[in-house]
Each structure stands twice: as C-alpha cells, then as structure tokens.
1. In this structure, is residue A:578 more than 13 Å from RNA strand B (Cβ to nearest atom) and of a type in the set (Val, Ile, Thr)?
2. May I ask you to list pairs of residues, at least six apart or on different chains, whose Cβ atoms are under 9 Å apart, with the first in the stretch A:31-45 being closer than 14 Å to residue A:509 by Cα and the second being assigned to a loop (DSSP other than H, G, I, E, B) and more than 8 Å from RNA strand B (Cβ to nearest atom)?
3. Within the stretch A:485-499, which residues are within 13 Å of RNA strand B (Cβ to nearest atom) and either in contact (Cβ under 8 Å) with a residue 24 or more places away in the chain or assigned to a loop (DSSP other than H, G, I, E, B) (or both)?
4. Hey, does the stretch A:327-334 have a residue that's near RNA strand B (Cβ under 9 Å from one of its atoms) and in contact (Cβ under 8 Å) with a residue 60 or more places away in the chain?
5. Give the residues of the stretch A:555-567 that are buried (at least 18 other Cβ atoms within 10 Å of the Cβ) and within 8 Å of RNA strand B (Cβ to nearest atom), sorted by residue number.
6. I'd like the full set of residues that are outside the structural domain of residue A:478 (by TED's automatic domain parsing), under 18 Å from residue A:265 (Cβ atoms) and either surrounded by fewer than 20 Cβ atoms within 10 Å (Cβ to Cβ) or of a type in the set (Gly, Ala, Ser) (or both), limited to the stretch A:413-445.
7. What single numbered condition from (1) touching a residue at least 40 places away in the same chain (Cβ under 8 Å); (2) farther than 15 Å from residue A:17 by Cα; (3) not aromatic (Phe, Trp, Tyr) fails to hold for residue A:96?
8. Could you look through the stretch A:151-185, keep only residues that are aliphatic (A, V, I, L, M) and assigned to a helix (DSSP H, G or I), and pick out the one that is farthest from RNA strand B (Cβ to nearest atom)?
Amino acid sequence: MTDFTEQLRQQVAAVAAHVYQFQIEASAIKIDKTPPEFQGEYTVVIFPFVKTSRKSPEATGNEIGAALMERMPAISQYNVVKGFLNISFADEAWLNTLRDMRAEKQFGQLAATDKKVVLEYCGPNTNKPLHLGHVRNVLLGYAAANILQAAGHTVHKVNILNDRGIAICKSMVAYLRTGNNTTPASTGIKGDHFVGNYYVEYSRIADAEIQKLVAGGMTAEAAAKQAPIYLEAQEMLRKWEAGDAEVLQLWNTMNNWVYAGFQETYQRIGIDFEKEYKESEFYLKGKDLVLEGLQNGTFTKKPDGSIWVDLTADGLDEKVLLRADGTSVYITQDMGVAWQRYQDYQMDTSVYVVANEQDYHFKVLKLVMQKLHYPFANGIYHLSYGMVDLPEGKMKSREGTVVDADDLIAGMTDEAHAFLSASEKSAEFSEAEKQILAHQIGLSALKYFILKVDPRKRILFNPKESIDLHGHTGPFIQYAYARIQSIFRKLTEQQVAITDAYGSSLLPAEKELIVWLSQYPTTIALAAETYSPAEIANYIYTLAKKFNSFYADHPIAKAASVEKQNLRAAIAERTAYVLRHGLQLLGIEVPEKM
RNA sequence: GGCCCCGUAGCUCAGUGGAUAGAGCAUCUGCCUUCUAAGCAGAGGGUCACUGGUUCGAAUCCAGUCGGGGUCACCA
C-alpha cells in the first residue's frame with residue numbers, strides 16, 4: 001500500500017491502548033489530509049482521546065505524536081495546532097513511495113476479491129433512439145463497471161432490452177400504414193431513428209384521429225381510446241402475445257433495425273455489453289415465479305384472479321404482480337430476468353443503473369425477491385441517478401424537447417473540431433488526425449460534464465450553451481496528459497535515460513504530487529464502495545491541476561541536476577499514468593498529442 | 001396528502017462530523033525569446049434555504065418549516 005493512512009490508524013490505536021488504556025477501533029480513528037496552510041501530510045484528530053487522557057488537546061496531541069515517532073521511524077516531525085496532530089513523513093519515505101508506485105505494474109488495480117457483480121445499464125425501449133437520459137445512464141453504468149473491476153471485483157455488464165409492449169406496436173402500426181415497404185437501407189436512415197420516426201408518425205395520426213372524434217362530439221378521454229390507430233395497436237399487441245407469425249416477423253424486423261442503430265451509437269460513445277437480455281424472452285419466467293410464490297403462500301390471489309404481494313408491513317403498498325387475465329406487469333419481467341441472471345452468473349451483487357424515478361419500483365423488486373428467499377435478493381442494488389433536465393424542465397417527446405444521443409455526440413465532436421481547426425496547432429494535424437482528436441475531445445467534454453456530478457443529483461443541461469473545453473473539464477485533464485507525453489517525446493529524442501536515483505530531498509510541490517498520487521488506490525476503493533465515478537473524476541481533476549501548477553515553475557527535462565530530472569520525470573510519468581488510468585475508468589480516451 | 005431525493009458564490013458543481021467552506025464558468029489584472037497558454041499566478045464574489053436540537057466541534061447528524069423534483073398505475 002502506498003498510502004500511510006492505514007498504518008497510522010493502527011499505530012494511533014496502539015498508542016491509545018498503551019498510553020491511555022483506551023480501546024479504540026483503528027477504523028474509527030479520524031485521519032485527514034493536512035490542509036495546505038499547515039505543516040504535514042496527515043492530520044490525526046485528537047479530540048476523541050482527550051476524555052481518557054484527561055489532558056488538554058495540545059498535551060494529548062504532543063504525547064501521541066511523540067509516541068508515534070518512536071513507533072514509526074518514517075515520521076520526520078509533528079506539530080500540534082489546537083486539537084490537530086499534524087504529521088510529516090521524511091522525504092526519504094515519500095521517495096520510496098514514489099519508487100513503490102513506479103514498481104507496481106498495475107498501479108490502480110486493487111487486489112482481486114471473490115465478489116461477482118452483474119451490472120445492468122442502458123435499458124432502452126426498442127421503439128425509438130437513445131436520448132440524453134440514456135447517455136447519463138450508459139456513462140454512469142460503464143464507468144461504475146470499470147471502477148468495480150479496478151476495485152478487484154468480477155463484473156459482468158449486461159443490457160436489458162424492453163422489446164415488447166404497446167410502444168413498439170405503435171411504431172409497427174404506423175409503419176404498416178405509411179411505410180411503403182421502405183427500410184433503413186433504402187432510405188439511408190439509421191435504424192433506430194427510422195423506427196422512431198414511425199413512433200412519432202403514430203402520435204401524429206392518433207392526434208388527428210382523436211381530434212376528428214372530438215369534433216364529432218366525443219370526449220377527449222373516450223376519443224383517445226377509440227381512435228382507430230390506437231385500436232389497431234392494441235390488436236397488434238394481442239396478436240403478438242398470441243404468437244401471430246406475421247406480426248412476429250414484422251416485430252423482429254423492426255427490432256433488428258433498432259438494434260443495428262443502437263449498436264452504432266454504443267460504438268460511437270464507447271460502451272459495450274457482455275450480454276443483452278430481452279424482456280420478451282423472460283416475462284414468462286417471471287410469471288412462473290409469481291405462481292410459485294402464490295403456491296407457497298407468499299402472495300395472495302384476489303377474487304378477480306389477479307395476484308398481489310402485501311408490502312404494507314414494509315411501509316409500502318400492496319402491489320399487483322399478475323393481472324386478472326394472467327398477463328404480466330412491469331415487475332413480473334424484472335423478476336424473470338433477475339432469476340435468469342442468477343442462473344447465468346451466480347452473482348453476489350446485482351447493480352441496476354436506472355433513473356431515480358424508479359426508486360419505488362426497485363424497493364418493491366428487492367422486497368419481493370427477499371420474500372421469495374432467492375439467494376441473490378439481498379445483493380440487489382439500485383444505482384439510482386438523477387434525471388437530466390433542460391432549462392425548461394423535463395424532456396418531453398411530445399413537445400419535441402428530447403435531446404437525441406447521436407445529435408449530441410455529433411454536436412460535441414463538431415465543436416471540438418472547430419476549436420482545433422481555429423487553433424494555432426491546426427497545422428500540426430492532418431484532417432484524419434483532427435477527426436479522431438475531435439471525437440476524443442468532444443466526447444471527453446460530454447462524458448466528464450456528466451460524470452463529475454454526484455450520480456444522485458439531477459443535472460441541468462442547456463443544449464443552447466455548448467459544453468466547455470476549458471477549466472474543470474475532460475479536455476483539461478487530457479491536455480495535462482498530452483503535455484507530459486510531449487516531455488517524454490523530448491527526453492526520448494535527446495536519449496536521456498531516466499533512473500530512479502532521485503537524490504534525497506523534496507521540494508514542497510514535488511512532495512505534494514507524490515502524496516496526492518499515493519491516494520489513488522484509496523480513491524478507487526471509495527469510488528467502488530459508493531458507486532460514484534464522480535470520486536474518480538474529481539480526484540484526477542485535482543491531480544491535473546496540481547501537476548499544471550507544478551509544471552509552470554519546475555522544469556522537468558531541463559531540471560538543474562540529473563537527480564532532479566530523474567525525480568520530476570518519475571513524478572510526471574506516474575501522474576500521466578494515473579491520469580490515463582482514471583480517464584479510462586470514466587470511459588474517456590486519452591490522446592497522446594493535442 | 002404519504003414516502004423518497006435535492007437546496008452551498010451571478011451560473012454549473014466539489015466538500016457529508018474537524019482548522020479561516022473550495023473549484024470551474026462569467027467579470028477584472030498580470031504571464032508565451034526555456035518542456036504544448038485547452039495552461040499558470042492573482043482580485044472581487046458566501047446568512048452553506050430557514051428555525052431549533054445533539055456535539056468539545058455542524059454546510060455535514062436529528063426534528064420541524066419553506067422551496068424544487070420524483071413517486072404513490074392491472075404504463076413500461
């Protein structure tokens with residue numbers, strides 16, 4: 001371990017037991033990073049000890065500090081300010097830390113655990129293209145999976161395709177009416193957009209028909225249920241459930257168009273899945289589980305034949321699990337899919353990346369599975385994230401305010417391209433290189449913009465204001481990395497050999513970077529525990545910031561001595577490594593030059 | 001109405017029991033004849049929604065109030 005925190009905890013606990021006969025769990029000891037205005041790297045909060053020490057905070061701090069120095073030779077000095085014991089480790093200790101970090105081939109990959117995680121994300125409906133909400137979902141899901149993996153767990157990324165139901169039937173009906181046997185290939189329209197257009201077309205037709213009925217004297221509510229196209233969609237759904245060959249064929253064809261479109265978007269955005277579950281394949285299994293629960297008395301049947309679970313004892317309501325006609329509801333399908341996943345993976349934890357509007361649903365799902373005593377029930381975890389709102393509020397497809405994922409990616413790429421072309425570096429890159437760079441930088445801006453925010457919080461996105469390329473952004477971090485690569489290109493050119501002879505002393509700015517770098521593994525562990533990519537995002541931003549500041553007034557390739565050159569090159573190399581590693585955890589690519 | 005989440009600088013966000021609450025954007029001032037200025041250094045900008053409580057110590061925990069969002073469908 002590169003970080004001294006754990007050792008310090010152990011030793012402080014031992015000192016407390018020894019000197020004050022005060023038994024305290026090492027994990028309960030509060031150790032912070034020392035704020036910059038004080039001397040030291042770690043601060044032990046000593047207030048908890050004064051009760052048993054029966055001395056002033058200052059005296060207690062000094063006593064503990066002195067005892068620590070005896071136990072840990074790496075400590076060079078300490079000071080006490082009010083109730084805070086600030087501890088400095090010797091330069092030599094930090095130089096060794098740097099050597100350790102350099103020697104660790106997979107720095108940032110924590111020791112393997114035996115925990116198996118299945119992480120579900122994306123979860124699109126197959127009747128329209130992906131939008132801004134999916135973008136937050138997939139960025140979060142992909143990053144969380146990477147982080148869990150880095151924390152040592154085995155992770156399986158899976159998708160759930162909501163491929164059945166009335167929505168896709170609406171697209172199908174509209175296509176039959178107005179599609180004229182065109183296809184994505186014949187029109188040159190991306191498959192998901194192609195099908196989505198018919199979903200929009202459906203709404204247009206339905207609105208017109210409803211208006212006509214209302215003009216004929218019907219109430220709006222009744223008209224909505226009587227519109228011919230609506231009745232057609234319902235009929236189509238019945239046929240689908242009955243296994244009608246013609247309907248199934250059209251359904252298959254249109255879904256496959258959508259999948260092809262999704263695949264393209266996944267690729268553009270840089271995410272993937274190990275396996276895709278289709279709701280249509282598992283909703284029947286969910287039914288079996290419900291019936292099983294009915295048999296063993298976990299669920300109850302109402303006189304009309306519908307099956308219910310009573311969750312009032314858990315502070316929730318009664319929930320329907322199966323309709324009177326025996327057809328399944330939303331949760332039935334999730335039950336079936338969850339069961340199947342356990343057959344496939346025997347996971348300890350199932351992470352569901354789903355927006356917070358479904359908090360209630362996942363509470364119910366977990367409770368129901370627990371009541372059925374499935375082995376995976378306790379491991380169900382809903383990674384709930386806030387919605388992405390526009391300045392005027394929630395995105396609404398009816399009002400045409402939905403921000404399309406493909407448009408968004410293209411917009412960001414164009415912006416990065418424009419910036420690159422306008423810059424003085426433009427001449428250094430070929431057009432092909434600019435295309436690649438623009439994609440890397442544009443996506444980086446978008447991804448970082450979303451991932452730096454705590455997942456639970458809603459995000460405000462203003463499509464009219466472009467996402468920044470400067471400041472606290474993805475490109476800022478990419479740029480810090482690229483600058484370091486530039487230094488190493490120079491060093492290689494000049495055939496300078498870097499060794500780990502670093503001398504014996506450190507400047508404050510050098511030490512600060514080493515200390516910060518040493519916290520990386522702890523940060524990964526924390527990000528994994530809290531399922532928060534924002535932890536990584538903010539950590540690497542601070543690292544880039546610290547490095548830039550260091551870079552501005554400490555020459556690296558042109559350092560005054562060979563030892564300083566070695567030292568700073570080593571720091572720069574580890575900084576670049578961690579920046580790249582961290583960005584990759586977030587799903588952000590790292591250009592070598594920009 | 002019940003339950004859940006959120007409220008920190010003009011704006012977007014960090015900080016979730018510890019010292020004088022931090023970044024970015026925007027505004028203003030400096031810095032490219034030395035490793036990439038997508039950068040660096042600095043200035044101004046705060047009743048941490050409000051009230052009470054717990055604590056040696058509260059933006060952070062608890063209770064209440066106000067404001068915003070979500071949810072409480074035999075929709076998915």
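The values are calculated or read from the model by the stated rules, or taken from the named source; none is laboratory data. Keep in mind that what you see is a predicted model, and the values were worked out from it rather than measured. All Cβ positions, even for glycine, are placed from backbone atoms using ideal geometry, and neighbour counts span all protein chains on display.
1. yes
2. These pairs meet every condition: A:41/A:4.
3. Listed by number, the residues that qualify are A:485, A:486, A:487, A:488, A:490, A:491, A:494, A:496, A:498.
4. Of the stretch A:327-334, the ones near RNA strand B (Cβ under 9 Å from one of its atoms) are A:327-333.
Now narrow it down to the ones that are in contact (Cβ under 8 Å) with a residue 60 or more places away in the chain: A:327.
Within the stretch A:327-334 (the criterion being near RNA strand B (Cβ under 9 Å from one of its atoms) and in contact (Cβ under 8 Å) with a residue 60 or more places away in the chain), the answer is yes, since at least one residue qualifies.
5. A:556
6. A:414
7. Of the numbered conditions (1) touching a residue at least 40 places away in the same chain (Cβ under 8 Å); (2) farther than 15 Å from residue A:17 by Cα; (3) not aromatic (Phe, Trp, Tyr), the odd one out for residue A:96 is (1).
8. Ranking the candidates gives A:185 first.
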